[in-house]
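S.K.: Structure in structure tokens, see below.
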Amino acid sequence: MTLKDLSITLSDMYFNAPPKDRVTMIHLFGIKYANVILDNGYSRKEVIEKPI
């Protein structure tokens, strides 16, 4: 999974969640994709700021 894919996935999870569940989706994204992020050495900043 590329950095762009991660960024798109995070955005989709966040914006498609009900407003009260958005923070939960951020945490779920981190749990679900932690291995991909760590294995590729991506930083939180890179995932968040990657242009879509």
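S.K.: Taking only pairs six or more apart or across chains, which ones have beta-carbon atoms under 6 Å, a first residue in the range 6-30 that is outside any helix (DSSP H, G or I), and a second residue that is of a type in the set (A, V, I, L, M, F, W, C)?
M.R.: Hits for this filter: A17/M25.
S.K.: Related question: Just the residues that are within 20 Å of L38 (Cβ to Cβ) and of a type in the set (D, E), please, taken from the range 3-23. Steps first, answer last, please.
M.R.: Step one: list which residues in the range 3-23 are within 20 Å of L38 (Cβ to Cβ), which gives 3-10, 13.
Matches in the range 3-23: D5 only.
S.K.: Going through K4, K50 one at a time, which residue ends up being surrounded by 14 or more Cβ atoms within 10 Å (Cβ to Cβ), out of contact with any Asp or Glu (no Cβ under 9 Å at 6 or more places or on another chain), at pLDDT below 95 and among the basic types (K, R)?
M.R.: K50
S.K.: Would you mind stating whether F29 is modelled with pLDDT of 90 or more and touching a Leu at 6+ places or on another chain (Cβ under 6 Å)?
M.R.: In short, yes.
S.K.: So, one more: When you look at I37, is it assigned to a helix (DSSP H, G or I) and modelled with pLDDT of 90 or more, yes or no?
M.R.: Considered against the rule, which asks whether it is assigned to a helix (DSSP H, G or I) and modelled with pLDDT of 90 or more, I37 comes out as yes.
S.K.: Within the range 15-27, how many residues turn out to be surrounded by 13 or more Cβ atoms within 10 Å (Cβ to Cβ) and under 22 Å from G41 (Cβ atoms)?
M.R.: Residues that pass the stated criteria total 1.
The values are calculated or read from the model by the stated rules, or taken from the named source; none is laboratory data. What you are looking at is a predicted structure, and each value in this text was computed from that prediction instead of being measured. FYI the Cβ positions are ideal-geometry reconstructions off the backbone, even for glycines, and counts take in every protein chain you see.
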